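All remarks here apply to the structure that follows.
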Amino acid sequence: MQISKQDVLNKANAASKNTLMETLNIEMVDYGDDFLVARMPVNSKVYQPDGVLHGGATAALAESVGSFASHIFMDTQDKFVRGLEITANHLKSVTQGYIYAKATFLHKGRTTQLLDIRVTDDDDNLVSICRLSTISLPKKK
């Protein structure tokens with residue numbers, strides 16, 4: 001049975017309840033054969049003291065969408081996914097609106113995965129470029 005795009009997004013967003021993703025209002029908004037997109041509002045909850053988007057909040061968005069992508073696109077029936085390392089290069093300041101993180105795979109191995117995550121603003125300007133490595137480990141039986 002084929003699972004609809006909306007079902008995938010609904011399931012991912014439901015899994016975010018009572019987590020950092022809910023605290024930051026991160027939501028999964030688009031999904032395709034080889035990508036997942038999440039968005040986060042830019043407001044005082046995610047500001048640095050000087051009123052611009054905090055790089056740590058951007059990294060939290062990137063890790064969230066990348067980890068969900070690994071979970072969705074990998075066979076996780078008998079495995080769980082964890083982040084290993086994230087890097088973020090911040091290129092542009094944002095003070096309002098939304099930022100969007102699009103995760104795509106650079107490497108999709110059985111054990112390790114590497115994702116490219118491009119973070120953009122409402123006008124599709126590049127805000128940050130992130131890389132996330134994840135690992136898929138067997139679930140304890």
From the residues in region 20-48 that are hydroxyl-bearing (Ser, Thr, Tyr) and in contact with a helix residue (DSSP H, G or I) (Cβ under 9 Å, 6 or more places away or on another chain), which one is nearest to PHE73 (Cα to Cα)?
TYR31
Considering region 75-112, residues that are in a strand (DSSP E or B) and free of Cβ contacts under 8 Å to residues at least 40 places away in the same chain, and then whichever is farthest from THR134 (Cα to Cα), we arrive at HIS90
Any idea which residue in region 3-22 is least open to solvent (accessible area, probe 1.4 Å), counting only those that are more than 22 Å from THR120 (Cβ to Cβ) and in a helix (DSSP H, G or I)?
ALA14
Residue in region 67-85 that is in contact with a helix residue (DSSP H, G or I) (Cβ under 9 Å, 6 or more places away or on another chain), open to solvent by 70 Å² or more (accessible area, probe 1.4 Å) and either modelled with pLDDT of 95 or more or farther than 30 Å from SER4 by Cβ (or both) present
no
Failed item, numbered, when GLU63 is tested on (1) over 12 Å from the mean Cα position of the chain (by Cα); (2) open to solvent by 30 Å² or more (accessible area, probe 1.4 Å)
(1)
Of all residues in region 115-133 being among the β-branched types (Val, Ile, Thr) and out of contact with any Asp or Glu (no Cβ under 9 Å at 6 or more places or on another chain), which is surrounded by the fewest Cβ atoms within 10 Å (Cβ to Cβ)?
THR120
Give region 66-85 a look and list any residue that's hydroxyl-bearing (Ser, Thr, Tyr) and over 9 Å from the mean Cα position of the chain (by Cα), or say none.
SER70, THR76
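Condition check ((1) of a type in the set (Val, Ile, Thr); (2) in contact with a helix residue (DSSP H, G or I) (Cβ under 7 Å, 6 or more places away or on another chain)) across all residues:
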{"residue": "LYS92", "(1), (2)": "no, no"}
{"residue": "ALA101", "(1), (2)": "no, yes"}
{"residue": "LEU132", "(1), (2)": "no, yes"}
{"residue": "ILE135", "(1), (2)": "yes, no"}
Filter result (part of a loop (DSSP other than H, G, I, E, B), in contact with a strand residue (DSSP E or B) (Cβ under 7 Å, 6 or more places away or on another chain) and not charged (D, E, K, R)) within region 23-43
LEU24, ASN25, ILE26, VAL42
Those residues of region 31-42 which are open to solvent by 50 Å² or more (accessible area, probe 1.4 Å) and modelled with pLDDT of 95 or more amount to ARG39
Which residues, taken from region 69-94, are closer than 13 Å to ASP116 by Cα and not aliphatic (A, V, I, L, M)?
SER70, GLU85, THR87, ASN89
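The values are calculated or read from the model by the stated rules, or taken from the named source; none is laboratory data. Because the structure is a prediction, the values reported are computed rather than measured. Here Cβ is always computed from backbone atoms with ideal geometry, including for glycine, and neighbour counts include all displayed protein chains. These area figures cover heavy atoms from the full protein model, side chains too; ligands, DNA and RNA do not enter into them. Shrake-Rupley method; radii C 1.70, N 1.55, O 1.52, S 1.80 Å.
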